[in-house]
Amino acid sequence: MTMKLPVTVVVCFLVFVASEVTEEDDVLVLSKNNFDDVIKANKFVLVEFYAPWCGHCKALAPEYSAAAKKLKEKGSLIKLAKVDATVEEELAFKHGVKGYPTLKFFRNEQPIDFGGERDSDAIVNWCLRKSKPSVEYIESVDGCKQFIDNATIAVLGFIKDTDSLDLTDFEKVADELDDADFAVANSSDILNEYGITQTPRIVLFKNFDENRVDYTGKTLGKPEALRPGGKVFHWSQNFLRRPQGLCSEVRFKNISYSSFPSLRTT
């Protein structure tokens, strides 16, 4: 008697269906059918929402394409993409587009508003900067002094608990702002050097006019307080004013005052 053994054949299929992504002059062309796939598949994507009839969009187009080409030649992971907002109205509405061109930088799927100049080199440099960690972690007094000396405006967060919401909020603010360099320091030597007796504390340094201003509070706020459309958050308009001929002030765009509800000047 011959025993027949059942044979089970299991065939597994991995099916990935995605809308084709085309390129125009090294810029990805996105629609509602492929937008999410591209954002998820790429760590860094700068997206331009444009209108074909918009004069500013037409002026930006060659610079934007040149920036995309330069990044590609560098072997950068950063992708440049565009969306015709007059066709993809739902997509534009979803991302808060109210004018043309609107540029948003997606880092790990999280969008921030583009805050740089609009020539190709400036676009490249801004994207490269935003692809790096927004907060530097400093461990020595010399490193702290060098950080301050190298920055036009330096924002230091003296935050001891690196797992706290204070640090999370500080990083979120750093992600949003283009006009200052951010760092966290918490060693006892650094705290003593700068006279920090309680944490968390935020200290701003600039290399012109008044050199230092301190803010302090028990908590720095909740992450959800950092919402688009919030009030403009000025720590001190006079303190942050730049010399004539440069940007008139540091712009704290889209940062609600409630981002740091308990901060108070000293």
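Side notes on the structure shown:
- Among the candidates ASP121, ASP84, the residue that is closer than 11 Å to VAL47 by Cα and either in contact with a Phe, Trp or Tyr (Cβ under 8 Å, 6 or more places away or on another chain) or not aliphatic (A, V, I, L, M) (or both) is uniquely ASP84.
- Check on ASP119, of a type in the set (Asp, Glu), out of contact with any Lys or Arg (no Cβ under 8 Å at 6 or more places or on another chain) and not assigned by TED's automatic domain parsing to the domain that holds LYS82: no
- Only residues that are in contact with a Cys (Cβ under 9 Å, 6 or more places away or on another chain) and either of a type in the set (S, T, N, Q) or part of a loop (DSSP other than H, G, I, E, B) (or both) were counted in the range 124-170, giving 0.
- TYR100 meets the stated requirement of being surrounded by fewer than 20 Cβ atoms within 10 Å (Cβ to Cβ) and part of a loop (DSSP other than H, G, I, E, B).
- Residues (in contact (Cβ under 8 Å) with a residue 24 or more places away in the chain and assigned to a loop (DSSP other than H, G, I, E, B)) located in the range 23-52: ASP25, ASP26, LEU30, SER31, LYS32, ASN42, LYS43, ALA51, PRO52
- Residue within the range 193-204 that is closer than 23 Å to TRP126 by Cβ and either at pLDDT below 80 or not assigned by TED's automatic domain parsing to the domain that holds LYS94 (or both) present: yes
- If the condition is being at pLDDT below 95 and over 17 Å from SER65 (Cα atoms), then the range 100-124 contributes ARG107, ASN108, GLU109, GLN110, PRO111, ILE112, ASP113, GLY115.
- Hey, ASP161 surrounded by fewer than 19 Cβ atoms within 10 Å (Cβ to Cβ) and either assigned by TED's automatic domain parsing to the domain that holds VAL203 or among the hydrophobic types (A, V, I, L, M, F, W, C) (or both) or not: yes
The values are calculated or read from the model by the stated rules, or taken from the named source; none is laboratory data. Model, not experiment: these values are computed from the prediction. Because the Cβ atoms are built from the backbone with ideal geometry, glycine has one as well, and the counts that use them run over all protein chains shown.
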